[in-house]
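The values are calculated or read from the model by the stated rules, or taken from the named source; none is laboratory data. Since the structure is predicted, the reported quantities are computational estimates derived from the model, not experimental observations. Glycine also receives a Cβ, built like all others from the backbone with ideal geometry; neighbour counts cover every protein chain displayed. Note: areas computed on protein heavy atoms with side chains; ligands, DNA, RNA excluded. Shrake-Rupley method; radii C 1.70, N 1.55, O 1.52, S 1.80 Å.
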Amino acid sequence: MKRTLDISYEHYASIAELDRLDRNLVKEAEEATKAANAPYSNFHVGAAVRLRSGLTLHASNFESEVYPAGLCAERSLLFYIEANYADDPIEILAIASNPSERECYPCGQCRQVIVDVQRRQKSPIRVIMSSAASATVIDDAEKLLPFTFKL
């Protein structure tokens, strides 16, 4: 039986089109790229979240000499939040990179972890994937990985 999958998302041709809180979160993700340790890929990624309480947190990626021991910005941040703020659900996750010519989309492992966190907290996570100029926004992390792994 053939089925169709339809995924809706928002695209902003300019970061300025985002509302103020979302723009600020993207800026925080952009700032986090400055702390990235990416001597091998030279691809600096920052992630920032706003929790339901209003608290914002950020992290960056870290590459290790003993590849694949490094960690993406998104997973670094999500694991920290799960360990320290598990009772304060994530409402929005913003991702940015440097260089930033193209929108920064999470890798497959990060997509699965974002969905895992969303399932655990039982509320959707909006995801903003930005470049220096534009952004794509989804209102539910499951749209990033519609065929997720489930135990």
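Remark: pairs (first residue in region 135-146, on the phi < 0 side of the Ramachandran plot and of a type in the set (S, T, N, Q); second residue assigned to a loop (DSSP other than H, G, I, E, B) and open to solvent by 10 Å² or more (accessible area, probe 1.4 Å); Cβ separation under 6 Å; 6+ apart in sequence or on different chains) = 136/9; 136/103. The sole residue among 21, 78, 93 that is more than 11 Å from the chain's Cα centre (by Cα) and among the aliphatic types (A, V, I, L, M) is 21. All told, residue 77 meets the bar of being touching a Leu at 6+ places or on another chain (Cβ under 8 Å) and either farther than 15 Å from residue 98 by Cα or open to solvent by less than 40 Å² (accessible area, probe 1.4 Å) (or both). Sub-6 Å Cβ pairs linking a first residue in region 37-48 that is part of a loop (DSSP other than H, G, I, E, B) to a second residue that is of a type in the set (Asp, Glu), at least 6 apart or interchain, are 38/63; 40/63, ordered by first then second residue.
Any residue at all in region 27-46 that is within 19 Å of residue 139 (Cβ to Cβ) and either at pLDDT below 95 or open to solvent by 30 Å² or more (accessible area, probe 1.4 Å) (or both)? There is no residue in region 27-46 that is within 19 Å of residue 139 (Cβ to Cβ) and either at pLDDT below 95 or open to solvent by 30 Å² or more (accessible area, probe 1.4 Å) (or both). Looking across 45, 26, 66, one residue alone is more than 13 Å from the chain's Cα centre (by Cα) and among the β-branched types (Val, Ile, Thr). It is 66.
So, in region 101-132, exactly how many residues are open to solvent by 30 Å² or more (accessible area, probe 1.4 Å) and either touching a residue at least 40 places away in the same chain (Cβ under 8 Å) or touching a strand residue (DSSP E or B) at 6+ places or on another chain (Cβ under 6 Å) (or both)? Steps first, answer last, please.
Of all residues in region 101-132, those open to solvent by 30 Å² or more (accessible area, probe 1.4 Å) come to 101-102, 105, 107-109, 111-112, 116, 119-120, 122, 124, 126, 132.
Next cut, either touching a residue at least 40 places away in the same chain (Cβ under 8 Å) or touching a strand residue (DSSP E or B) at 6+ places or on another chain (Cβ under 6 Å) (or both) only: 105, 126, 132.
So the count comes out to 3.
Filtered by the rule that a residue be aliphatic (A, V, I, L, M), modelled with pLDDT of 95 or more and more than 16 Å from residue 117 (Cβ to Cβ), region 48-104 gives a lone residue, 96.
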